[in-house]
Amino acid sequence: MKYNIAVVPGDGIGPEVVGEAIKVLNAIGQKYNHQFNYTTVLAGGAAIDEYGECLPEATVEACKNSDAVLLGAVGGPKWDHVPGPQRPERALLGLRKALGLYANLRPAMIFQELADASPLKPSILDGGLDILIVRELTGGIYFGEHVTESGEDGSVTAYDVEKYSDYEIQRIARTAFEMASKRNGRVTSVDKANVLDSSRLWRKIVSEMSSDYGDVELDNMYVDNAAMQLIRDPKHFDVIVTGNMFGDILSDEASQITGSIGMLPSASLADGNFGMYEPVHGSAPDIAGTDKANPIATILSAAMMLRYTFNLSEEADAVEGAVRRFLADGFRTADIAGTGDAISGTVETGDRIAGYIQ
Ligand code: NAD
Ligand code: IPM
Ligand code: MN
């Protein structure tokens, strides 16, 4: 089969980690006889430098005309002075919106081989961790009004509006319940319903919808408590469903439990099979260009692409199996290395993982 993938390498370590994921996809293509065609397009700081805008229309079109999108990361200090609406990060938000990618799946799993890399005590993790964060991705405070205004007295006020409509909550809740019914049957909905109207609507709709899913147990939790419980008792969680900003924050927190943000993949899904796949981490300007970036989050994102958009579950299993073998054979990137471990660079890591697939 032929599959058309739009590739958006982005900035910082984005191109480095995407290059390794493509290596692994090509190994899958060879072994299983698939043809992956890549169309590389610019977004973020790279597009500002080349075209003077963070998200050129041609990039959106190329993504729309593909079967799936593989994205690295955008942003960096070079563009931090750029005004809000033109910042590199807006490209990401624009792509998510233009492509209708409302459901962001962020699995946080512990690989047994990395149990030592987690800052939590072994007794808390007790043999493993497998949480799926389902983050709403095209609404909430990211997409409400963003305003900065100056008063006549010289004062300045800025605000951002958190806004959710019933249908936006319904569709993300449906994703979460459906995922949970195929996993361990528990959804924790995270909000701030003791303070925010938008959260009270969120809680009402999610609670109403739970009656359609008799096999799934729902609990509602305030976000401050959820942030604490993730560390105190992470095994409480199966699926977490939450809004855009809370999901952003909780997924970085969950990543640390698994050892490193360099391990966490994501899938951003629209209705149907289309999806954009990207690591949870950012462009890591502090290590860009040094061959230190861990490409595993992006490689595992490519596995999610195989699974969710292309329905190639055997191939997805093969990628995940290759990552496991890499770790089981004792290889470590710098972010997950213990004292005395030999360090595998970005390129060596991709080479080895692709090599396990042949
Ligand atoms: P970051 O995730 O880029 O980096 C945080 C820390 O984690 C850094 O110390 C970095 O070196 C480390 N890290 C991240 N990914 C790693 C990897 N694969 N391997 C090893 N170490 C890794 O977050 P930040 O520093 O807050 O943001 C940097 C830039 O990235 C900002 O411009 C931000 O807006 C942007 N950003 C983009 C995305 C995205 O494109 N999806 C996500 C988050 C942040
Ligand atoms: C992420 C990032 C983005 C977000 C930024 C860069 C817009 O942090 O994908 O987690 O907040 O969604
Ligand atoms: Mn984030």
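Which one of MET179, MET109 is within 30 Å of ASP212 (Cβ to Cβ) and not assigned by TED's automatic domain parsing to the domain that holds ILE240?
Matching residue, one of MET179, MET109: MET109.
For the range 1-43, name all the residues that are of a type outside the set (A, V, I, L, M) and without any contact (Cβ under 8 Å) to a residue 60 or more places away in the chain.
Hits for the range 1-43 are LYS2, PRO15, GLY29, ASN33, GLN35, PHE36, ASN37, TYR38, THR39, THR40.
Looking at VAL134, is it surrounded by fewer than 17 Cβ atoms within 10 Å (Cβ to Cβ) and β-branched (Val, Ile, Thr)?
no
Consider the range 86-132. How many of its residues are of a type in the set (A, V, I, L, M, F, W, C), more than 17 Å from HIS236 (Cα to Cα) and at pLDDT 95 or above?
Number of matching residues: 9.
Output the residue which, of all residues in the range 141-179 that are in contact (Cβ under 8 Å) with a residue 40 or more places away in the chain and touching an Asp or Glu at 6+ places or on another chain (Cβ under 6 Å), is farthest from VAL216 (Cα to Cα).
By that ranking, first place goes to HIS146.
Would you point out which residue out of PRO83, PRO119 is more than 16 Å from ligand 3 (Cβ to nearest atom) and either free of Cβ contacts under 8 Å to residues at least 24 places away in the same chain or of a type in the set (Asp, Glu) (or both)? Break it down stepwise before answering.
Numbers: PRO119 fails: either free of Cβ contacts under 8 Å to residues at least 24 places away in the same chain or of a type in the set (Asp, Glu) (or both).
Only one candidate qualifies: PRO83.
State all residues of the range 145-177 that are hydroxyl-bearing (Ser, Thr, Tyr) and in a helix (DSSP H, G or I); if no residue qualifies, say none.
TYR167, THR175
The values are calculated or read from the model by the stated rules, or taken from the named source; none is laboratory data. Just so it is clear, the model here is predicted, and its values are computed rather than measured. Cβ coordinates were reconstructed from backbone atoms using ideal geometry, including for glycine residues, and neighbour counts include every protein chain displayed.
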